[in-house]
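Here's the structure we're looking at; comments come further down.
Each value in this text was obtained by applying a stated rule to the coordinates, not by laboratory testing. Since this is a predicted model, take the numbers as computed values, not measurements. Ideal geometry is used to build each Cβ from the backbone, glycine not excepted, and the neighbour counts take in all protein chains shown.
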Amino acid sequence: MTTAADYTEKIPNNVSLHEDRRLQRALESWQPNFLSWWDAMGPALPTRDVYLRTAMNVGRDGWAQFGFVPMRDYRWGIFLAERDPGRMIGFGEHKGEPAWDKVPGEYRADLRRLIVVQGDTEPASVEQQRNLGATAPSLYDLRNLFQVNVEEGRHLWAMVYLLQAYFGRDGREEAEALLHRSSGSLESPRILGAFNEETPDWLSFYMFTYFTDRDGKYQLGTLKESAFDPLSRTCEFMLKEEAHHMMVGTTGIDRVVQRTAQVMVENDTDDVAGHGAIPLDVIQKYVNFHYSVSLDLFGGETSTNVANYYTAGLKGRWLETRVHRRLPRRREPVEQDPGRGRAGSSAESSARSVQPARRGVCRDRGDPGRGEAELGRVAAPHE
């Protein structure tokens, strides 16, 4: 695999797609369905050329180029980060073994589920933001919206590639289902509740890209640690694009709050709605809602599913390899003579004191047997 994308192919890629004709035909047959979905559910505002960033390379010396592109003609492609030939599994019961290039049979269903749930979020956010272009506060914001949209579309392609390349007929069926579900649909909603909520205005969009995309960052970070190397390399490159999405949210909220504060000072009043600003209490309501919805995606502190994923090596913690290098070696508990210990200081209490912390473990999103509050992602320390 090279770091540069082959743009002579119908589907730009750096995975040597031309060498697997069967997979190439499968993806090329999915491509018209994707374009039909984009026309029906993508940005509603008619456009001509849009100044967009397009991925060209996955190396360290520059990976994208900018130019005016008709959005429907955007070259959505398949890109995996550079391969590390000596990569070893860094956690779980397979720790120290070579990373997997193929899906182990015993983990097939779990890996497919993780990829499907991640893939389902990508088109969902495009659908949620479909009508925002008509009320964009500036051309700068409009361009940022479209950049987020096309990159979410490319992330969908990334997950569809994994499904079709490694999961056979089941993967092809799941890839089709990603286009059949739609955000907010009563008959066929998106898997996670947060991606069925409306994004009716730009403050909602800023909150979504600030809070929900931040959860997405950590989700990709935990999948990047996966023992399944193609998934790891796919998510590593997606993280490069995700940074821009959070920047859109951060700077958007900054501008809204700054303008509100400015109008409050200029007019010596908290009632700024009549002066063209958003009152602080309204901003607070938006924060409360989107923070709660996004925090729900992170989940709780304990989860059997996530513990199993971690043990199997499917999904790690945020920056798992760095965490492992930083953590001090745990000392073995010192056994005490039960007859000599005082109350509260027995060997049993000593053993309890050295139980491993459940750091970075929470409910996994997409568990079909749990309620919405339990459809979380592997937790990671907040920034």
What list do you get for Ser226, Ser29, Ser303, Ser182 if you sort them by fewest beta carbons within 10 Å?
Ser29, Ser182, Ser303, Ser226
Of every Cα-Cα pair in segment 85-298, the percent that sits beyond 24 Å:
49
Which entries in Lys10/Lys95; Lys102/Lys240; Lys95/Lys240 show an alpha-carbon gap greater than 32 Å?
Lys10/Lys95
Can you report the principal axis dimensions of segment 1-112 using only the alpha carbons, biggest first, rounded to whole angstrom?
52, 34, 27
Counting other Cβ atoms within 10 Å, keep those with at most 10, restrict to DSSP loop, and tell me which GluC sites (Glu not before Pro) in segment 226-294 are left.
none
About its Cα centre, how strong a charge dipole does segment 142-232 have in debye, to the nearest 20, once Lys and Arg get +1 and Asp and Glu get -1 at the Cβ?
220
Segment 70-142: equivalent-ellipsoid semi-axes (sqrt of 5 x gyration tensor eigenvalues, Cα, Å)
38, 16, 12
Contour minus Cα-Cα span, Leu239 to Asp201, at 0.36 nm per residue, comes to 11.1 nm
In whole percents, the bins of 10 Å from zero upward hold the Cα-Cα pairs of segment 147-234 as 14, 40, 37, 8, 0
Suppose the Debye formula is applied to equal point scatterers at every Cα of segment 220-277; what is log10 I(q)/I(0) at q = 0.18, 0.21 Å⁻¹?
-0.66, -0.77
Taking the Cβ of each residue in Leu139, Leu35 as the centre, tally the other Cβ atoms inside 10 Å and list the residues starting with the fewest.
Leu139, Leu35
Any trypsin sites (Lys or Arg not before Pro) in segment 40-102 that lie in a DSSP loop and have at most 11 other Cβ atoms within 10 Å would be Arg48, Arg60, Lys102
Qualifying GluC sites (Glu not before Pro) for segment 52-146 [loop in DSSP, other Cβ within 10 Å: at most 16]:
Glu82, Glu93
